[in-house]
Structures are given as C-alpha cells and as structure tokens.
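The values are calculated or read from the model by the stated rules, or taken from the named source; none is laboratory data. All values derive from a computational prediction rather than experimental measurement. Virtual Cβ from ideal backbone geometry, glycine too; neighbours counted across all protein chains shown.
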Amino acid sequence: MSTLSVDHLLGIKQLTKADIQLIFETADHFKEVINRPIKKVPSLRDITIANLFFENSTRTKLSFEIAQKRLSADVINFSASQSSLKKGETLIDTVNNILSMKVDMVVMRHPKPGAAEFLQQHVDARIINAGDGAHEHPTQALLDAYSIREKFGSVAGKKVAIVGDILHSRVALSNIFALKLLGAEVLVCGPKSLIPKYIHELGVAVETNLKTALQWCDVANMLRVQNERMDVRYFPTVREYAKQYGLTKAILDDLNKPIVIMHPGPINRGVEITSEVADSKDAIILDQVENGVAIRMAVTYLLASKIKA
C-alpha cells in the first residue's frame, strides 16, 4: 500500500502532489463506506485519538469526531474552555498528561500560528492540525479541492476565485497551496485592506472587483469576514462590505455562464452570500460537509497506518 511522505498533517505546505492524490483515492473508498447502511469499519479499533480544541469549533470538531468513530477509533474530546489551561497549565503539560493515557494521535485546533508544529516537536504522537490561528487549515483545503475534483473530474486547469477576508483566513492560505499544487489557477478577491501584501509571491492573481473575479472563475469559494481576528476596522460597515463583496442571485444571473459556489462555513447569510445563493443548485456547500468526513477519515487512517507500521 502507498503511504504518505509525512508522519503528521501540519499543513498543506509539507504535502506532495502524490500525498494529496493518495488522500483523495482513500477518501473515495471511505465516501462509499459512509453511504452504506452500516457506516462503520473496524480499521482503527486499537487506536486512541484525542481531539484538543483550544478555540471554538462546531463543524470541524464534529466532522473529525464522526470520521474517527466511523473508523472505530477510541475518541477523547478535550475543550480548553473547561481545562486546566485556565489555571495556567502549559500546552505541553496538558498534552503530555493526555498522552500519558496512551493516546496515539492528537487532532488540535489552536489560536496561535505554528502551534501544531511546536507540539509535534515535543510530544510522541501523530498530529493533525485542525487550524492554527490565521496560518493553515489543511483538512479544509483538502476537502475543498476534493469537492472541486468531484464536481469537474479534475482540479488541474480550473479557475478558482477565493473571495473575502483573505488576510485573516487560514482556509485561504491552505486552499492556495493545495489548488496550486494540483494545477489550478487561483485568484483572490476582496477589499485591498483584507488582502495580504505578500500574496503575489504565492503565484495568485488579485482582483478587487467581485463581478470581474466571478466572470473569470469556474468556482467561487466565498469566505466569511473573520471579525474575531480583527483588532482594527478593515472596512466601513458590514452593510458596505455586503454591497461590494456579497454574492447575490442577481449577480450570478448577470454572468454569462454557470459557476460553482463553495463556502467553508459557518455562513454569515446576507453578508458574504445570500440564503438564495447558499441554498441554490449552484452551491456545493453540503457536498463539502459530506466530503469533509471522508477526507478526515482518509487522513486519520493513512497517518494511523504509520503507527502500526
């Protein structure tokens, strides 16, 4: 069996094209499994996984937990808001205490960029990064690219516009790395204040006009504004933002071609996307959610098989 070139999933940046293809092929198999009447396989019956979420998360945490249980792993859920971190315990102490309970794998979300890499250097377990600050969110990028592959048959040559708060988005950065690696063309679109200055170095185009970006692309991935990461104002008002960068049915109807609409969630309906668009036949948002479970099963399974090796 093919194996991943990495022992941990810290970011898309560390993956090869062959790694992503292996993850996708494994996800194809698991997608078939989760659509059976009996959705469980005994693949990881002797593996214990700790989900450590030091930042609020509903969808990602739930998706990982379902994926782990579908693989028959033993799952420990840990929420930082109820933990000894509030009493001053360090990240390493917390994790080492959990590892002393003989945990094989840690899925971690943390508000600090680089937290997953830091953890990997200090503890003896497989690490999956479930989002570190505004840095990377690798499984989201994998499920997004997988959803594009499912829709078009291939990611190569597709034109993908990532629209919204690029500056604060770990989803944008991981998506850029994954899509470029798989041969897609990428354009970012948003107000100048929300586009990082270094973005050109990643080989992506920049557009500040939403309609121009949509006319160019095959796929539009609409990101929400990350208000929780903002310490200053980046645009006048939410209403002003929605007027310039909100995707509406009228804007889509004005295009002379159909495009695929994606969103990593949670959706701010009426801001970056209207309900009419989010619930339309052009949107594959619910497919992304289903694919998220298959991708997280694939990543977990492939990394766990290295523990057993």
Item to complete: Being in a strand (DSSP E or B) and modelled with pLDDT of 95 or more narrows it down to one of 261, 251, 295, so name that one.
Response: 261
Fill in: Unmet criterion (only one of (1) touching a helix residue (DSSP H, G or I) at 6+ places or on another chain (Cβ under 9 Å); (2) closer than 26 Å to residue 257 by Cβ) for residue 156
(1)
Practice prompt. Give the number of residues within the range 96-118 that are farther than 17 Å from residue 300 by Cα and touching a Phe, Trp or Tyr at 6+ places or on another chain (Cβ under 6 Å).
Written response: 1
Worksheet item: Could you give every pair whose Cβ atoms fall below 9 Å, whose first residue belongs to the range 256-272 and is in the same structural domain as residue 241 (by TED's automatic domain parsing) and farther than 21 Å from residue 292 by Cα, and whose second residue is among the basic types (Lys, Arg) and crowded, with 18+ Cβ neighbours inside 10 Å, counting only separations of at least 6 or pairs across chains?
Response: 271/224; 272/224
Discussion item. With the structure loaded, tell me whether residue 133 is small (Gly, Ala, Ser) and either buried (at least 21 other Cβ atoms within 10 Å of the Cβ) or in contact (Cβ under 8 Å) with a residue 24 or more places away in the chain (or both) or whether it fails that test.
Written reply: yes
Worksheet, complete the sentence: Considering the range 273-283, residues that are of a type in the set (Ser, Thr, Tyr) and in contact (Cβ under 8 Å) with a residue 24 or more places away in the chain, and then whichever is farthest from residue 219 (Cα to Cα), we arrive at 274
Item to complete: Find the residue count for the range 254-309, including only residues that are touching a Cys at 6+ places or on another chain (Cβ under 9 Å) and among the aromatic types (Phe, Trp, Tyr).
Response: 0
Worksheet item: Restricting attention to the range 183-219, which residues are buried (at least 19 other Cβ atoms within 10 Å of the Cβ) and in contact (Cβ under 8 Å) with a residue 60 or more places away in the chain?
Response: 219
Discussion item. Based on this model, can you work out whether residue 307 counts as in contact with a strand residue (DSSP E or B) (Cβ under 7 Å, 6 or more places away or on another chain), at pLDDT below 95 and part of a loop (DSSP other than H, G, I, E, B)?
Written reply: no
Worksheet entry | Residues (surrounded by 19 or more Cβ atoms within 10 Å (Cβ to Cβ), under 20 Å from residue 29 (Cα atoms) and either in contact with a strand residue (DSSP E or B) (Cβ under 8 Å, 6 or more places away or on another chain) or of a type in the set (A, V, I, L, M, F, W, C) (or both)) located in the range 48-72 | 64, 67, 68, 71
Item to complete: Would you mention how many residues in the range 215-248 are assigned to a loop (DSSP other than H, G, I, E, B), at pLDDT 85 or above and either farther than 25 Å from residue 133 by Cα or aromatic (Phe, Trp, Tyr) (or both)?
Response: 3
Worksheet item: If you check residue 148 against the conditions, is it surrounded by fewer than 17 Cβ atoms within 10 Å (Cβ to Cβ) and touching a residue at least 12 places away in the same chain (Cβ under 8 Å)?
Response: no
Worksheet item: Quick one: is residue 154 over 16 Å from the mean Cα position of the chain (by Cα), under 22 Å from residue 283 (Cβ atoms) and hydroxyl-bearing (Ser, Thr, Tyr)?
Response: yes
Discussion item. Looking only at the range 45-69, how many residues end up being among the polar types (S, T, N, Q) and under 14 Å from residue 293 (Cα atoms)?
Written reply: 4
